[in-house]
1. With θ taken as phi - 60° and the coefficients 6.51, -1.76 and 1.60, list the Karplus ³J(HN,Hα) couplings across segment 72-85 in order, rounded to whole Hz; mark glycine and proline as x.
2. Enter the angle in degrees (range 0 to 90, nearest 10) between the Cα long axis of helix 26-40 and the first principal axis of the Cα atoms of the chain, meaning the one along which they spread out most.
3. Rounded to the nearest angstrom and ordered from largest down, what semi-axes does the equivalent ellipsoid of the chain get from its C-alpha gyration tensor (root of 5λ)?
4. In whole Hz, with x marking every Gly and Pro, tabulate ³J(HN,Hα) for segment 45-59 from phi via Karplus 6.51 cos²θ - 1.76 cosθ + 1.60, θ = phi - 60°.
5. Per residue of segment 13-23, in order, report the coupling 6.51 cos²θ - 1.76 cosθ + 1.60 (Karplus, θ = phi - 60°) as ³J(HN,Hα) in whole Hz, putting x for Gly and Pro.
Amino acid sequence: MIKAEAKIRVRYGETDQMGYAYYGIYAQYYEVGRVEAMRLLGFSYKEVEARGILMPVIDFSINYLKPAYYDDEITVVTYLREKPKGIRIPFHYECYNSAGELLNTGKVTLVCLDKSTSKLCQMPEWFSKAFEPFFPENG
């Protein structure tokens, strides 16, 4: 399993009229978590794209439990719970406030896209191998 944590402070412009972190901002917060999880694999999104693989989001779901407010520090915990296979990479998320209260859970699925053809493709071997130290039982 891969687990990455990122801390984000809710900015004023990210809140709605009720003073809550705007529901749509969590897509960006989750992206911050994904970037950190990718770094644990040993490369950045930028490097993956430079090697010809794009990773568009094909599915986004979130379950809101409690709001975050302006100036709250949020911890975004990102998990890859199983070694990705084929073209899909599912990321799971939990967001907590500074009191440790669970604010929401979510899942975002990305796919591999060949940059030169704009067509779906299998995860390249170099990418797939980066997951092996985190999922030794799956080889």
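1. Along segment 72-85, the couplings run 5, 9, 9, 9, 9, 9, 10, 10, 10, 8, 9, 5, x, 10 Hz.
2. Approximately 40 degrees, to the nearest ten.
3. 29, 16, 12
4. Going residue by residue, I get 4, 4, 5, 4, 5, 5, 8, x, 10, 9, 9, x, 7, 10, 8 Hz, with x marking Gly and Pro.
5. Couplings: x, 9, 9, 9, 4, 7, x, 8, 4, 4, 4 Hz.
Values quoted throughout were computed directly from the atomic coordinates according to the rules given, and no laboratory measurement underlies them. Since the structure is predicted, the reported quantities are computational estimates derived from the model, not experimental observations.
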